[in-house]
Amino acid sequence: MTQYHAGRHFLQIPGPTNVPDRVLRAIDNPTIDHRGPTFGRLGMEILTNLRAVFQTKGPVIIYPASGTGAWEAALANTLSPGDAVLMCRTGWFATLWNEMALRLDLKPIFIDTDWRRGADVAAIGVALADDKAHRIKAVCVVHNETSTGCTSRIDDVRRAMDAAHHPALLMVDTISSLASIDYRHDEWGVDVTVAGSQKGLMLPPGLSFNAISDKALKATETAGLHRSYWDWRPMLEANKTGYFPYTPGTNLLFGLNEAVTMLLEEGLPNVFARHDRHAEATRRAVRTWGLEVQCADPRHYSSSLTAVRVPEGHSADALRAVILDKYNMSLGNGLGILKDRVFRIGHLGDFGDLQLIGTLGGVEMGLRAAGVPHKPGGAQAAIDYLAGNA
Ligand SMILES: *Cc1c(COP(=O)(O)O)cnc(C)c1O
């Protein structure tokens, strides 16, 4: 028998995130003719306004697919079978992207980390400097590794590529950072930015994105990987007038338009500052509990989620089960080598101070209920920080 829970469920996994009512109301409209005039106006508006969120002046493609589809699109539109790609294995999501590259007959070169920090920029620089023949066609980095709560420094990656005078494309997965953590497609010289709808963009799952540089667009002319559904060219052609080459996710696009409006109303710098502040409050709570944050390098702390290590001999999954059962809150699980070793607190998307205090209160009560050794006062430490930093 499932227990009845009064009150709202707390969806504090690091994506999908809580969808704001304004976005839900926008999605809850009759589906329209995706070849009619109303749609064309909507399409133009979204395709234009979305650029600001990626901090780009170039085109952003929207796929009716999860983020994984946009990963494939980034590779398939720009590369050829046998191309070497430099990939940073910073955690579980980076590993999945690596495996996709292998299945697509690319030749990944891996740079590993201990899953407690972002991409190793020095190692990227060395690998590129060694590649005198320019066999490496792309450098692929996950901006915010959602399995570890570590954010890679894309500005530093760009500098390393420039210092090596290497012509490889730069591809960045921002699925759990876009619209939560400062990210600059144009300024950082990124060629393909991959994003998804269900995290910082505050939408349900089902849309994903590629922001594209001129250099990436040029690469499509010689790219030899097979592509059909993911092909940028028919998409860009149809997008010129606000339409799509196949049926778009019409109602999700209503929601996307509202979500982008909300982000621009708040102002992107304010959105990023809000996420930074909630992340800092969360880390203070974790430290007060006497627990450890998975990210070991403060320069790589994630502002969209915090992965928390449980003490040896304790189960993160058992703790999450207790919290779900007693307090009706979902937290993220440990993935790959972190299975059962960490739980992940998502603090991204449509999220305010009181939701954070509720979340941390739920974790603290859960630690007690599950018998995980800790010191009390974490939620109080977060209150003290938030109240002192309004
Ligand atoms: C969620 C996530 C993905 C996977 O996206 P799907 O929408 O599940 O296909 C990939 N990369 C990162 C960094 C993510 O956070």
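The values are calculated or read from the model by the stated rules, or taken from the named source; none is laboratory data. Fair warning: this is a prediction, and the values are worked out from it, not measured in the lab. Please note: Cβ atoms are built from the backbone with ideal geometry, for glycine as well, and neighbour counts cover all protein chains shown. Calculation scope for accessible area: heavy atoms of the full protein, side chains included, ligands and nucleic acids excluded. Shrake-Rupley method; radii C 1.70, N 1.55, O 1.52, S 1.80 Å.
Some observations on this one:
- Qualifying residue in the stretch 261-281 (condition: of a type in the set (A, V, I, L, M) and not in a helix (DSSP H, G or I)): no
- Residue within the stretch 210-224 that is closer than 22 Å to S304 by Cα and either part of a loop (DSSP other than H, G, I, E, B) or of a type outside the set (K, R) (or both) present: yes
- Residue, farthest from the chain's Cα centre (by Cα), within the stretch 340-383, restricted to residues that are on the phi > 0 side of the Ramachandran plot and without any contact (Cβ under 8 Å) to a residue 60 or more places away in the chain: G371
- Of R35, R51, R41, all but one fail to be within 25 Å of the chain's Cα centre (by Cα) and assigned by TED's automatic domain parsing to the domain that holds S66; the exception is R51.
- Taken over the stretch 290-316, the criterion of being outside any loop (DSSP other than H, G, I, E, B), over 17 Å from L386 (Cβ atoms) and open to solvent by less than 40 Å² (accessible area, probe 1.4 Å) is satisfied by V293, H300, L305, A307, V308, A316.
- Close pairs from the stretch 61-75: first modelled with pLDDT of 95 or more, partner within 12 Å of the ligand (Cβ to nearest atom) and among the acidic types (D, E), Cβ under 7 Å, at least 6 apart: W71/D173
- Residue selected from the stretch 55-96 under the condition small (G, A, S) and outside any loop (DSSP other than H, G, I, E, B), by the criterion nearest to the ligand (Cβ to nearest atom): G67
- The lone criterion from (1) touching a helix residue (DSSP H, G or I) at 6+ places or on another chain (Cβ under 7 Å); (2) closer than 26 Å to P16 by Cβ; (3) of a type in the set (A, V, I, L, M) left unmet by A74 is number (1).
- The residues of the stretch 194-206 that are within 12 Å of the ligand (Cβ to nearest atom) and either buried (at least 23 other Cβ atoms within 10 Å of the Cβ) or under 12 Å from H143 (Cα atoms) (or both), listed by number, are V194, A195, G196, S197, K199, G200, L201, L203.
- Residues located in the stretch 33-54, provided they are open to solvent by less than 50 Å² (accessible area, probe 1.4 Å) and assigned to a loop (DSSP other than H, G, I, E, B): H34, G36
- Any hit, the stretch 320-330, residues being over 27 Å from Q3 (Cβ atoms), in a loop (DSSP other than H, G, I, E, B) and touching a residue at least 60 places away in the same chain (Cβ under 8 Å): no
- Residues of the stretch 339-371 that are open to solvent by less than 10 Å² (accessible area, probe 1.4 Å) and touching a Phe, Trp or Tyr at 6+ places or on another chain (Cβ under 9 Å): T359, G362, V363, G366, L367.
- Residue among P248, P204 that is part of a loop (DSSP other than H, G, I, E, B) and touching a strand residue (DSSP E or B) at 6+ places or on another chain (Cβ under 8 Å): P248
- Condition check for K240: open to solvent by 10 Å² or more (accessible area, probe 1.4 Å), out of contact with any strand residue (DSSP E or B) (no Cβ under 7 Å at 6 or more places or on another chain) and farther than 20 Å from A119 by Cβ: yes
- The residue list A219, A211, A259 contains one member that is surrounded by 15 or more Cβ atoms within 10 Å (Cβ to Cβ) and under 20 Å from S80 (Cβ atoms), which is A219.
- Long-range neighbours under 9 Å by Cβ, at least six apart or interchain, first residue assigned by TED's automatic domain parsing to the domain that holds A216 within the stretch 167-179, second near the ligand (Cβ under 10 Å from one of its atoms) and of a type in the set (K, R): I175/K199; S176/K199; S177/K199; L178/K199; A179/K199
- When G15 is tested against (1) crowded, with 21+ Cβ neighbours inside 10 Å; (2) part of a loop (DSSP other than H, G, I, E, B); (3) away from the ligand (no atom under 16 Å from the Cβ), only condition (3) is not met.
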